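All of the numbers you see were taken from the coordinates with simple rules; none came from a lab. Computed from a predicted model, the values in this text were never measured in an experiment. Here the Cβ positions follow ideal geometry from the backbone for every residue, glycine too, while neighbour counts run over all protein chains shown.
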Amino acid sequence: MWFLALKQLRSRLSQTVLTFIGITLGAAAYITFAGMMGGYQQYMIDKLINNDAHVRISPRDEFITKETFAGIFFPESDIKWINPPSGRIEYTHLSSVPTWFKKLDRDPRVVAYSPQIIRDVIYTSKKFSIPGRFIGMDPNRETRVTTIARYVTAGNFSDVSKGISLIIVGDELMKKLGARVNDTIDIVTATGTAAPVKIVGTIRTGMRMIDERYGYSSLASVQSITGSSGEITDIAIRLKDVNMARAVATELAGDSTDRVESWDQANESILFVFRTQNIVRNSTTLTIILVVAFGIYNVLNMSVNHRKKEIAILRSMGYGQQDIILLFLYQGLILGFLGSLFGMLLGWAGCSYIESIPIAVSGSRRGWVSASHMLISWDVMIYVNAFVLVTLSSVVASFIPARSAGRLSPLEIIRGAG
Amino acid sequence: MADVRCASIIKNFENPRVEVLKSISFDIGRGDFVAVTGKSGSGKSTLLYILSGLDTPTAGRVIIDGKNIFDLPEAEMNHFRNTRMGFVFQFHYLLPELTSLDNVLMPARKLKREKEVRERALELLRRFDLEHCVGKHPAQMSGGEQQRVAVARSLIMGPDILFADEPTGNLDSVNGERIMNMLREINDKSGTTVILVTHEPDYAAIAGRQIHLTDGRIDRDKKKTVKGY
């Protein structure tokens with residue numbers, strides 16, 4: 001039946017070519033679309049994974065509600081509060097840091113971990129004051145866990161541990177304070193005490209949240225300035241396999257009172273945006289494929305109607321229903337197969353072109369979120385998906401006319417004609 | 001070779017209910033040339049389609065080689081039709097996208113034997129004076145040529161039985177005669193059983209046996225003692 005399928009496609013060349021172009025464009029559009037979105041998402045996810053810890057241990061926020069007291073007072077009866085309790089149980093630091101260290105040291109999945117102390121402070125200099133975060137850490141450990149050291153634009157990340165009260169700040173933060181490297185600024189803590197620190201360097205990540213708010217210093221400096229000696233608020237952990245993050249986080253959380261979150265849990269909102277994007281992409285894809293499928297359906301349906309007599313004669317010479325179904329199915333398959341093959345090429349070309357379009361984000365080349373050109377995903381799965389989806393939908397779309405062709409009674413056609 | 005026996009075939013059409021064939025029984029021997037005649041509406045075409053298994057009777061059996069063809073599973077029936085039956089219709093029903101040679105080879109493609117029988121196809125085309133049409137598409141041929149290609153196609157698998165339903169219906173008398181001569185020659189030389197439906201008495205007279213239908217009943221079954229004329 002291949003022979004006849006090809007001949008029939010060739011005999012209606014203009015229709016065949018038009019359908020073929022439709023399928024090609026459909027597949028190409030899918031690939032380009034998926035490539036662009038995938039590229040952006042992959043880039044963002046890479047940044048999220050590499051710039052922050054894979055797993056982070058931090059103190060838990062616990063709020064007091066009705067449920068907090070459920071079963072404590074009058075456990076036997078149904079309690080109605082006139083004024084429901086409210087409030088917050090404070091955990092300003094991790095409960096048992098040495099236990100964590102021991103646990104993490106033993107865990108073979110952990111590559112490195114870095115204890116941190118993170119405090120909200122107000123940076124002041126002259127008459128400017130800006131609220132921000134004051135992060136104490138061990139630079140050697142920190143660089144093994146996150147990529148933050150890569151974005152240092154002045155000085156050295158390890159400089160902060162060369163003395164007491166030395167700080168590396170976000171470059172926007174420094175600008176807003178009207179300060180320069182080697183200037184001394186003040187840090188005002190929550191309790192109102194102020195302490196001078198010296199700027200020894202700057203970072204620029206391209207993320208405003210960090211560039212305008214963060215200052216990095218040694219553990220000892222932050223502990224002493226904020227009056228929380230010996231306290232650790234966070235442990236940032238890097239894993240061998242980032243895909244294990246969620247599982248490891250869940251396991252570590254165990255019966256601990258601290259909060260253990262994997263990168264994807266912490267960035268739920270961004271990932272939610274990605275999911276939304278994917279839904280948009282999938283529905284667009286579905287529309288494209290529907291259009292393609294309808295095109296094929298239409299062409300083959302017309303073809304079946306035009307060829308009723310030929311179907312009848314084929315049946316009379318001993319071709320069975322299956323043969324007739326295959327005849328049209330093959331036509332759909334050929335169109336779908338070639339169309340998606342060329343669509344892959346065209347989509348690849350489209351992606352290459354789009355990738356070459358220059359764009360400028362954040363103006364800096366060294367930041368996290370900055371790229372000199374459009375980001376395109378070259379994931380093989382996109383091409384495999386496009387191919388399978390388009391070819392499959394072509395076959396499905398051609399099945400309906402093919403089946404109706406198979407069901408035609410040869411006799412009625414012959415009788416109808418005679 | 002096959003002999004065809006049909007036993008009390010009844011065919012009714014529904015909506016509106018018409019009794020097309022009312023208990024038809026007869027035997028056709030091997031190598032017979034039978035003409036089924038009758039007015040239009042007498043049921044002669046329906047009878048032919050039932051004999052060839054394209055249509056199913058309301059009741060009755062068609063026994064070819066001792067087997068009721070309506071008991072055969074579909075695949076076997078298709079195979080039977082492919083290898084042992086040939087069909088010529090009033091219209092040529094050639095596939096327009098194929099050359100006449102490919103059209104003739106089409107039945108052989110079902111069994112992937114098109115290479116094997118290619119020589120035979122060329123020979124058939126030569127025999128029917130169609131050498132100049134080998135590479136032509138149906139649209140490039142005359143009506144007579146098209147119908148001759150159709151006959152060649154029906155013979156490619158060397159059928160035992162050739163069913164012809166008004167094969168001359170769309171042809172002028174010269175071409176019609178030519179087709180009839182071809183049918184007779186096939187019957188003579190290869191011993192192929194030919195069952196011809198026609199309403200033209202002249203053509204029917206060529207057959208060795210004429211079965212005349214009126215209102216779904218055989219009202220005349222005339223055999224010639226001498227085969228041919």
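Shape annotation for the stretch A:210-292: C-alpha extents along the principal axes are 67, 36, 23 Å, from largest to smallest.
Among beta bridges identified by DSSP and lying wholly in the stretch A:142-266, the antiparallel ones come to about 65 percent.
Quick test of the membrane-span-like rule: which DSSP H helices of chain A reach at least 24 Å along their long axis (C-alpha atoms) with mean Kyte hydropathy at least -1.0? Working shown, then result.
Details: long enough: A:13-51 (55 Å, 0.67); A:268-306 (56 Å, 0.81); A:321-355 (49 Å, 1.19); A:380-407 (40 Å, 1.31).
Long hydrophobic helices here: A:13-51, A:268-306, A:321-355, A:380-407.
Dimensions of the stretch B:64-128 based on its C-alpha atoms, expressed as ranges along the principal axes with the largest first, amount to 37, 28, 23 Å. Under 26 Å of direct C-alpha separation, and excluding same-chain neighbours fewer than eight residues apart, residue A:102 reaches these lysines: A:240.
Here the residues A:23, A:57, A:79, ranked from fewest to most Cβ neighbours within 10 Å of their Cβ, fall in the order A:79, A:57, A:23.
What is the stretch A:250-381's relative contact order, in percent, from Cα pairs under 8 angstrom and six or more apart in sequence?
Working: 43 pairs, mean separation 14.0, N = 132.
Rounded, it is 11 percent for the stretch A:250-381.
Each pair of Cα atoms in the stretch B:17-80 enters the Kirkwood radius, and Stokes-Einstein at 10 °C and 1.306 mPa s then converts it into a translational diffusion coefficient of 122 µm²/s.
Helix-derived [θ] at 222 nm for chain B: sum -39500 (n - 2.57) over DSSP H runs of at least 4, divide by residue count, nearest 500? Don't jump to the answer; show the numbers that get you there.
Details: 7 runs with 74 residues, N = 229.
Mean residue ellipticity at 222 nm (helix-derived): -9500 deg cm²/dmol.
Binning all Cα-Cα separations of the stretch A:24-101 at 5 Å, short to long from zero, yields these whole-percent fractions: 3, 11, 10, 9, 8, 9, 9, 9, 8, 8, 7, 6, 3, 1, 0.
Based on the Cα atoms of the stretch A:68-116, what semi-axes does the equivalent ellipsoid have, where each is the square root of 5 times one gyration tensor eigenvalue, given in whole Å with the largest first? Don't jump to the answer; show the numbers that get you there.
Numbers: eigenvalues 332, 41, 14 Å².
For the stretch A:68-116, the semi-axes come out at 41, 14, 8 Å.
Using the Kyte-Doolittle scale, find the helices of chain B whose mean hydropathy is at least -0.5 and whose Cα atoms extend 18 Å or more along the helix's long axis, counting only whole DSSP H runs. Present the calculation step by step, with values, prior to reporting the outcome.
Values: long enough: B:143-155 (19 Å, -0.41); B:173-190 (25 Å, -0.84).
Helices passing the filter in chain B: B:143-155.
When the alpha carbon coordinates of the stretch A:3-153 are projected onto the principal axes, the ranges are 85, 58, 48 Å, largest first.
For chain A, what is one quarter of the convex hull surface built on the Cα atoms, given in nm²?
Mean projected area for chain A: 33.0 nm², to one decimal.
Remark on the stretch B:147-229: ratio of C-alpha radius of gyration to 2.2 N^0.38 Å is 1.09. Students often forget the sequence filter, so: which aspartates and glutamates lie under 18 Å Cα-Cα from residue A:80 once same-chain residues fewer than 8 apart are removed? Output for residue A:80: A:67.
Fewest neighbouring Cβ atoms within 10 Å first, the residues B:44, A:7, B:189 line up as B:189, A:7, B:44.
Starting from the Kirkwood Rh over alpha-carbon pairs, what translational D in µm² s⁻¹ does the stretch A:277-316 have by Stokes-Einstein at 37 °C and 0.692 mPa s? Write down the numbers at each step before the final one.
Details: Rh = 12.2 Å.
For these conditions, the coefficient is 270 µm²/s.
Net length available on complete extension from residue A:275 to residue A:72 is 68.9 nm, with 0.36 nm assigned per residue and the Cα-Cα distance removed. In terms of distances greater than 23 angstrom between alpha carbons, the cross-link table entries A:127/A:162; B:22/B:224; B:115/B:136; A:308/B:39; A:308/B:110; B:189/B:223 yield A:127/A:162; B:22/B:224; A:308/B:39.
May I ask for the Kirkwood hydrodynamic radius of the stretch A:310-360, worked out over all distinct Cα pairs and given in angstroms to one decimal?
Working: mean 1/r = 0.0714 Å⁻¹.
Result for the stretch A:310-360 stands at 14.0 Å.
Take the Cα of residue A:183, step 7 Å toward its Cβ, do the same at residue A:250, and the gap between the two points is 5.0 nm. Length gained on full extension, residue A:83 to residue A:126, computed as 0.36 nm times the residue gap minus the Cα-Cα distance: 10.8 nm.
Across q = 0.18 Å⁻¹, the stretch B:46-159 modelled as identical point scatterers on its alpha-carbon atoms has Debye log10 I(q)/I(0) values of -0.89, in the order of the q list. Size descriptors for the stretch A:118-258 (Cα atoms only): Rg and Dmax, in that order, 15.8, 48 Å.
Only helical runs count toward this figure. For chain A, summing -39,500 (n - 2.57) over DSSP H runs of n ≥ 4 and dividing by all residues gives -17000 deg cm²/dmol at 222 nm.
At a Förster distance of 45 Å, what's the computed FRET efficiency of residue A:42 paired with residue A:10, Cβ-Cβ distance as r, to 0.05? Walk me through the numbers before you get to the answer.
On the way: r = 42 Å, r/R0 = 0.94.
For R0 = 45 Å, the calculated efficiency reads 0.60.
In summary, the aspartates and glutamates within cross-link reach of residue A:309, defined as a Cα separation below 18 angstrom excluding same-chain residues under 8 places away, comprise A:323, A:412, B:55, B:97, B:102, B:165, B:166.
Fewest Cβ neighbours within 10 Å first, please rank A:91, A:123, B:49 accordingly.
Details: A:91 16, A:123 26, B:49 22.
Ascending number of Cβ neighbours within 10 Å: A:91, B:49, A:123.
For chain B, the orientation-averaged shadow of the C-alpha convex hull comes to 12.5 nm² (one quarter of the hull surface).
Across the stretch B:127-172, Cα-Cα pairs more than 15 Å apart make up 46 percent of the total. Computed over neighbours whose Cβ is under 14 Å from that of residue B:40, the net charge equals -1, Lys and Arg +1, Asp and Glu -1.
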